[in-house]
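The values are calculated or read from the model by the stated rules, or taken from the named source; none is laboratory data. Everything quoted here is computed from the prediction, not taken from an experiment. All Cβ positions, even for glycine, are placed from backbone atoms using ideal geometry, and neighbour counts span all protein chains on display.
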Amino acid sequence: MKTIRYAFWAIVGLCLILIGLANRDVVTVRAMPEALGDLLGLSPDITLPLFVVIFISVGAGLMIGFLWEWVREHRIRAEGRGKAREVEALRREVAQLRGAAPGAKDHDDVLALLEKTG
């Protein structure tokens with residue numbers, strides 16, 4: 001299984017290297033259109049190789065997607081925490097009931113409860 005994992009990551013790395021080599025041209029990334037930048041008197045832009053722009057875009061997209069999923073699953077996580085608290089309360093209650101019955105360790109739980117009531 002490790003061999004398959006290493007082969008997969010080797011292929012991914014090779015693909016990233018090939019993308020980088022194929023997209024070495026320098027591009028200018030602008031935050032706003034030229035006409036609007038000239039009108040406002042500022043034009044924030046940066047010059048980078050194209051493969052850097054591609055990798056940053058993919059990374060930013062992944063981060064936005066992870067954040068979106070984390071926010072979307074908040075309800076599910078909260079429900080899971082509530083269920084865990086409920087299970088822990090029930091476990092404490094069962095432990096308390098077992099400890100209150102005399103000789104509960106020697107008998108079945110049902111028999112111990114019947115002896116307690118009878």
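One table, with the values for the structure above:
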quantity: Some residue of segment 4-17 being part of a helix (DSSP H, G or I), outside the structural domain of ALA112 (by TED's automatic domain parsing) and touching a helix residue (DSSP H, G or I) at 6+ places or on another chain (Cβ under 9 Å); calculated: yes
quantity: Residues that are surrounded by fewer than 10 Cβ atoms within 10 Å (Cβ to Cβ) and more than 20 Å from the chain's Cα centre (by Cα), drawn from segment 42-82; calculated: PRO44, THR47
quantity: Some residue of segment 21-31 being touching an Asp or Glu at 6+ places or on another chain (Cβ under 8 Å), surrounded by fewer than 11 Cβ atoms within 10 Å (Cβ to Cβ) and over 30 Å from ALA112 (Cα atoms); calculated: yes
